[in-house]
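Read through the structure below, which is laid out as structure tokens, and then see the notes.
The values are calculated or read from the model by the stated rules, or taken from the named source; none is laboratory data. The shown structure was predicted, so the numbers you read here are calculated from the model rather than taken from an experiment. Just so you know, the surface numbers come from the protein's heavy atoms only, side chains and all, with ligands and any DNA or RNA stripped out. Shrake-Rupley method; radii C 1.70, N 1.55, O 1.52, S 1.80 Å.
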Amino acid sequence: MTNNQQRTRSMIRGGLSLLVAAAFYEAVARSGLFPAVLLPTIPTIVSTLIDMLADGTMFEHAFFTLYRVLFGFVLAVIVGLPLGILMARFPRVEHFFLPLISALMPIPSFALIPLFMLWFGIGNVTTVLIVFYAATFPMAFNTWSGVRSVNPIWLRAAGAMGADENSLFWKVIIPGASPFIITGMRQAFLRAWIGVVGAEMIAASDWGLGWVIFDAKEFLNADVMLAALVVIGFIGFVFERLVFGSLERATVQRWGMVRVAKG
Amino acid sequence: MQPIAIRDVSLNYDTPGGKVQGVTNVSIDIDASEFVCIVGPSGCGKSTLLNIIAGFLAPATGQISIGGKPVTGHGMDRGVVFQDFAQLFPWRTALGNVSFGLEMKGVANPERDRIAREQLRLVKLEKFTDSFPHHLSGGMQQRVAIARALAYNPSVLLMDEPFAALDAMTRDDMQRLLADVWKETRKTVIYVTHNVAEAVYLADRVVVMSAHPGTVKTVMKIDLPRPRDPLSVEFLDCQKELMGHLGHNTNGAAH
Ligand SMILES: Nc1ncnc2c1ncn2[C@@H]1O[C@H](COP(=O)(O)OP(=O)(O)OP(=O)(O)O)[C@@H](O)[C@H]1O
Ligand SMILES: [Mg+2]
């Protein structure tokens with residue numbers, strides 16, 4: 001009950017700050033200081049968005065972007081999660097991969113787009129690989145930290161109760177590291193989402209939200225760009241708050257393994 | 001319910017600052033179903049000894065056998081309860097925690113659930129089977145830990161100051177509960193404590209350890225009838241005698 005009330009209140013507050021920002025934008029757009037083509041009013045943007053949703057093009061663009069980002073993200077989890085675990089459990093693996101991750105993680109995925117285009121051409125392969133590159137390292141890095149932070153007393157207790165390596169892994173280490181693993185997924189998705197839009201701008205041929213934005217500049221369609229941005233922001237928000245937020249509430253918050261911010 | 005034989009057990013820790021004595025030449029014989037408390041000054045090696053018996057540490061010399069079988073590592077003939085409340089798995093409910101050892105043993109579900117519930121009833125937590133540890137008080141968490149250590153039916157229960165972090169009133173309740181649980185299950189118990197009254201209340205025999213070197217100083221038998229009355233003259237006499245062995249001022253204040 002109180003939890004629900006808190007959530008409603010935080011939603012109202014979030015809505016309010018969005019509303020204030022939108023009102024400010026609208027005031028600037030209507031002031032006549034800038035040409036209307038470059039700074040379309042909110043009603044124009046909304047009607048463009050509705051048109052693009054109605055004829056299905058926006059859904060199709062969003063679908064392609066989601067397909068690419070999820071493909072790359074899932075691949076990154078499949079590789080990054082076991083890699084992080086192996087690094088935490090075997091010093092040799094850690095010694096080999098940790099410097100590699102430290103060196104590669106800070107390189108923005110954007111900087112690799114031209115190179116990947118040379119190697120893999122224009123299309124899905126390049127965009128998925130950019131997403132994969134952006135997401136794998138935070139996934140591996142956080143998993144590594146998580147496994148190392150598993151409380152040794154849990155391992156002792158489980159060992160005393162006769163847990164073998166297999167049970168220790170699935171029933172103690174993975175759940176014990178879960179707060180970090182979920183953080184890793186969040187960071188990985190965030191970077192993947194940023195990466196996919198960038199990659200689509202340059203390396204996608206005719207579909208995707210990033211491509212829409214880049215293509216619209218040819219025709220000075222600022223309203224299309226902004227409509228696509230709204231969709232990008234919305235999907236990103238849904239994943240961050242709803243998908244990962246629910247995952248966190250259903251697991252580590254329910255278990256009391258992370259503190260919940262109040263208010 | 002197995003007897004335990006501890007023979008000439010020693011262990012030193014290697015630290016950057018040199019060798020640190022853990023325990024030196026400890027020998028104790030414990031009968032089946034006996035409740036033995038280990039007391040001694042801080043740093044004398046009580047936890048070290050318990051960890052050796054539990055199989056978490058291998059002794060440098062000497063050996064330990066439980067029911068005639070030598071101890072080589074941890075095993076399901078022993079249940080362990082630590083002082084730290086964090087020993088429970090936060091991602092499992094009380095019932096899930098208690099079921100863990102049974103899962104490892106391969107006990108299938110209707111049976112596993114039944115045994116785990118039974119154990120939680122033993123520690124008076126049947127109403128909290130579905131609670132996660134972070135919703136339980138410290139005392140309740142330690143009771144879950146005791147139920148968890150008993151669930152897979154080890155013959156020996158090893159406890160390292162399980163109630164030390166609780167307030168005095170809760171600790172009294174927990175001691176009474178543990179005495180009841182022991183009476184019902186008849187496990188062989190080795191119980192480490194700092195608390196003289198606790199040792200006199202619970203133990204059949206109290207092993208007094210001395211520091212430097214960490215070894216057995218004396219063993220004191222507590223012959224009081226159970227359930228024990230901590231306010232009786234005999235109880236207080238035992239307490240005084242034990243404090244004497246520990247080198248405390250016998251007519252002075254308890255700690
Ligand atoms: N992991 C370790 N590494 C190095 N030295 C240790 C380690 N654990 C314990 N010691 C040392 O071994 C000695 C015995 O420690 P132990 O923890 O067994 O004492 P204790 O009797 O349980 O003390 P307390 O009553 O304070 O819990 C101490 O001098 C301690 O400093
Ligand atoms: Mg200790």
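Have a look at A:A228, A:A250, A:A135 and tell me which one the Gaussian network model of chain A (Cα, springs below 10 Å) gives the largest fluctuation.
In this elastic network of chain A, the residue with the biggest mean-square fluctuation among A:A228, A:A250, A:A135 is A:A250.
In the calculated pair distance distribution of region A:2-127, what percentage of Cα-Cα distances lie above 25 Å? Don't jump to the answer; show the numbers that get you there.
Numbers: 4879 of 7875 pairs.
Result: 62 percent of Cα pairs exceed 25 Å.
Heavy-atom accessible area per residue, chain B, 1.4 Å probe: how many Å²? Please list the in-between numbers first.
Numbers: 11210 Å² over 255 residues.
With all protein chains present, chain B gives 44 Å² per residue.
I'd like to know how the protein assembly as shown sits against the 2.2 N^0.38 Å rule of thumb: what's its Cα Rg over that expected value?
Working: Rg = 31.6 Å, N = 518, 2.2 N^0.38 = 23.7 Å.
Here the answer is 1.33, to two decimals.
Could you check which residue among B:G43, B:G68, B:G101 shows the biggest mean-square fluctuation in a GNM of chain B with a 10 Å Cα cutoff?
Judging by the Gaussian network model, the answer is B:G68.
Quick check: the angle from helix B:109-122's long axis to the longest principal axis of chain B, C-alpha only, nearest 10 degrees?
So the inclination is approximately 50 degrees.
Quote the relative contact order of chain B in percent (integer), defining contacts as alpha-carbon pairs under 8 Å separated by 6+ residues.
On the way: 483 pairs, mean separation 65.0, N = 255.
The value is 25 percent.
What do you get for the angle between helix B:233-245 and the principal long axis of chain B? Use alpha-carbon atoms, 0 to 90 degrees, nearest ten.
So the inclination is approximately 60 degrees.
Using only Cα positions of region B:160-255, each an equal point scatterer, no hydration layer, compute I(q)/I(0) via Debye at q = 0.12, 0.22, 0.23, 0.25 Å⁻¹ and quote the log10 values to two decimals.
Debye curve over Cα of region B:160-255, log10 I(q)/I(0) at q = 0.12, 0.22, 0.23, 0.25 Å⁻¹: -0.38, -1.33, -1.44, -1.60.
Taking the Cα atoms only, what angle lies between the long axis of helix B:168-185 and the longest principal axis of chain B, rounded to 10 degrees?
70 degrees
I'd like the residues of region B:54-94 whose 1.4 Å-probe accessible area shrinks by no less than 20 Å² going from the isolated chain to the full set of protein chains.
Residues of region B:54-94 that lose at least 20 Å² of accessible area once the other chains are added: B:F56, B:H74, B:M76, B:F82, B:D84, B:A86, B:Q87, B:F89, B:P90, B:W91.
Distance cut-off 25 Å, Cα to Cα: go down the list B:K69/B:K124; B:K19/B:K221; B:K105/B:K187; B:K46/B:K69; B:K124/B:K187; B:K124/B:K240 and report the pairs above it.
Working: B:K69/B:K124 34 Å; B:K19/B:K221 34 Å; B:K105/B:K187 19 Å; B:K46/B:K69 23 Å; B:K124/B:K187 18 Å; B:K124/B:K240 33 Å.
Over 25 Å apart, Cα to Cα: B:K69/B:K124; B:K19/B:K221; B:K124/B:K240.
For chain A, calculate the relative contact order in percent as a whole number, restricting contacts to Cα pairs under 8 Å that are 6 or more residues apart. Write out the running numbers ahead of the final one.
Values: 290 pairs, mean separation 64.1, N = 263.
The normalised contact order for chain A reaches 24 percent.
Can you tell me which aspartates and glutamates have their Cα less than 18 Å from the Cα of B:K183? Leave out same-chain residues fewer than eight positions away.
Cα-Cα hits under 18 Å: B:D31, B:E34, B:E118, B:D172, B:D173, B:E198, B:D204, B:D223, B:D229.
With a 1.4 Å probe, how much accessible area is buried between chains A and B, both sides summed, in Å² to the nearest hundred?
Values: alone 15360 and 12170 Å², together 25550 Å².
Interface area, both chains combined: 2000 Å², rounded to the nearest 100.
Once the convex hull of the alpha carbons of region B:1-135 is built, what does its volume come to per residue, in cubic angstrom?
Working: hull volume 21.1 nm³, N = 135.
That works out to 156 Å³ per residue.
Find, to one decimal place in angstroms, the Kirkwood hydrodynamic radius of region A:41-250, where the mean of 1/r is taken over every pair of different Cα atoms and then inverted.
Working: mean 1/r = 0.0534 Å⁻¹.
Result for region A:41-250 stands at 18.7 Å.
Using a/c under 1.5 as the rounded threshold, could you call chain B rounded, prolate or oblate? The axes a ≥ b ≥ c are square roots of the C-alpha gyration tensor eigenvalues, and prolate needs a/b larger than b/c, oblate otherwise. Can you show the working numbers first?
Details: a/c = 1.72, a/b = 1.26, b/c = 1.36.
The shape class here is oblate.
Between A:L18, A:L118, A:L168, find the one with the highest GNM mean-square fluctuation for chain A; connect C-alpha pairs within less than 10 Å.
Among A:L18, A:L118, A:L168, the largest GNM mean-square fluctuation belongs to A:L18.
Evaluate region B:65-176: find the radius of gyration of its Cα atoms, find its Kirkwood radius, and give the ratio Rg to Rh. List each step's numbers first, then the result.
Details: Rg = 14.0 Å, Rh = 14.4 Å.
We get a ratio of 0.97 for region B:65-176.
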